[in-house]
Amino acid sequence: MFDITDQPLSLEPLVSAVTRSSSGAVASFLGVVREQTRGRQVLYLEYEAYREMAIPKMREIADEIRRKWKVDEIAMVHRIGHLEIGEVSVAIAVSAPHRHQALAACAYAIDRLKETVPIWKKEVWTDGEEWVGPSG
Amino acid sequence: MFDITDQPLSLEPLVSAVTRSSSGAVASFLGVVREQTRGRQVLYLEYEAYREMAIPKMREIADEIRRKWKVDEIAMVHRIGHLEIGEVSVAIAVSAPHRHQALAACAYAIDRLKETVPIWKKEVWTDGEEWVGPSG
Amino acid sequence: MKVRVRCFAAAREIVGSGELIVDLPEGSTLTQLFDQVQGQFPRLQGLAGSLLFSVNREYAPSDKRLSADDEVALIPPVSGGADV
Amino acid sequence: MKVRVRCFAAAREIVGSGELIVDLPEGSTLTQLFDQVQGQFPRLQGLAGSLLFSVNREYAPSDKRLSADDEVALIPPVSGGADV
């Protein structure tokens, strides 16, 4: 399951999608819109994606993971559009026979997603707005 | 949220319990009953806990985590009783401002739970049963 | 003195109960307690090498001296968290 | 030849549209394409140092030669996955 959606995200569908009878572990990650971003009060965020490239890039990350670890399945879904504080921007789940593989692959997935998947975030504050770079 | 329960586990209540307005990341882990355990066909598992000691031991792990990483909240729930293949035996969620802390703390939590929390698993196969040690 | 001994997993099955009340001389250690219980349930010897003890819900060394009303537990190797 | 240029985030806002059709000499490179687009939208210069390009949905170096009907994208620094 690799998707870009404008609907609210929850983990349960990803966990169900990745769990196999061989899976002893499911590691998952949620990225959440935080209240404070470098000292400025964020009102909300706007996420935008190059959908036709972003989904294949997610699949490439999954391929990288399969070359590095023995995992069962990988799911990655990123939300776009208007997000309020406390809402989930990205959800990742990785299943594997053993916990170390699932946990390492999940950490790798979010690191790589932030590096390579063409998705952008605009912060909107009370007094302005700005597209944020990867360190943001 | 630290608990031992005989009811089915799902992640959503743990994720909700740990998410704070300061949380940018929620890492979570599910342990699932696998089909194959060292080559023998498992019919089901029986988990047993020393509840009055297990819950304080979970809290101690959370204290260890807080000394090691900047996290917001930690939740750990272990299921006991009869578990079928594909069912979740343990659920852990850790929130933090930043992803590396949440992910590292979640991996530490499951490692330590397996070492120190007094919970036992009996495997029941078609042709016998056995209490399993920590390497199982 | 009397101490409460809780038994789990394989130890519980050997003892046939989740709990025993054991009468011991004042100042007995965990080792002395276990010897006495093992006298009553010889099959516990098969677990002896791997068993840990807790006293009042904290892991404790086998030379720890017990007090009246302590809650001791016989703790076989733990295996929570799924086979992963 | 005509290539389709998709614009995202800050680049989209400067161009005022998510998509341009750009007419270029055969065999032009991404650099030549960008120079032409920047001529039309001078504020793109503020992004030039940090911008990546993709051609047909793969990241591509700026000396890559384009073909008719390629789909190019102007890709400002990505920032998916929350501020963590």
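Bear in mind that the values in this text are calculations on the coordinates, not laboratory data. Note that the coordinates shown come from a computational prediction; the quantities given were computed from them, not determined experimentally. Here the Cβ positions follow ideal geometry from the backbone for every residue, glycine too, while neighbour counts run over all protein chains shown.
Observations
- Inverse of mean 1/r across different Cα pairs in the range A:1-75, Kirkwood, Å: 14.9 Å
- Mean residue ellipticity (222 nm) of the protein assembly as shown, computed from DSSP H runs ≥ 4 via -39,500 (n - 2.57), nearest 500: -8500 deg cm²/dmol
- Kirkwood hydrodynamic radius over Cα pairs of the range C:1-67, then Stokes diffusion coefficient at 20 °C and 1.002 mPa s, in µm²/s: 177 µm²/s
- Degrees, to the nearest 10: D:30-40 long Cα axis against longest axis of chain D: 80 degrees
- In plain terms, the chain from B:Lys68 to B:Ser22 could stretch by 14.7 nm, reckoned as 0.36 nm per residue minus the Cα-Cα distance.
- B:Val42, B:Val71 arranged by Cβ crowding within 10 Å, fewest neighbours leading: B:Val42, B:Val71
- Shown here is the pair-distance distribution of the range B:39-94: with all Cα-Cα distances grouped in 5 Å bins from zero up to the longest one, the shares run 4, 16, 21, 19, 15, 12, 9, 4, 1 percent.
- Residue exposure proxy: A:His78, B:His82, B:His100, ordered by other Cβ atoms within 10 angstrom of their Cβ from fewest to most, comes out as B:His82, B:His100, A:His78.
- Membrane-span-like helices of chain B, defined as complete DSSP H segments with a Cα extent of 15 Å or more along the helix axis and a mean Kyte hydropathy of at least -1.0, are identified as B:99-116.
- Note on the protein assembly as shown: Kirkwood hydrodynamic radius from all Cα pairs is 24.5 Å, rounded to one decimal.
- Relative to its Kirkwood radius, the Cα radius of gyration of chain B gives an Rg/Rh of 1.00.
- GluC sites (Glu not before Pro) within chain C: DSSP coil, no more than 10 neighbouring Cβ in 10 Å: C:Glu26
- Over all projection directions, the Cα-based convex hull of the range A:81-124 averages an area of 4.0 nm².
- Choice from D:Ala73, D:Ala11, D:Ala60 showing the highest fluctuation, given a GNM over chain D with Cα pairs closer than 10 Å: D:Ala60
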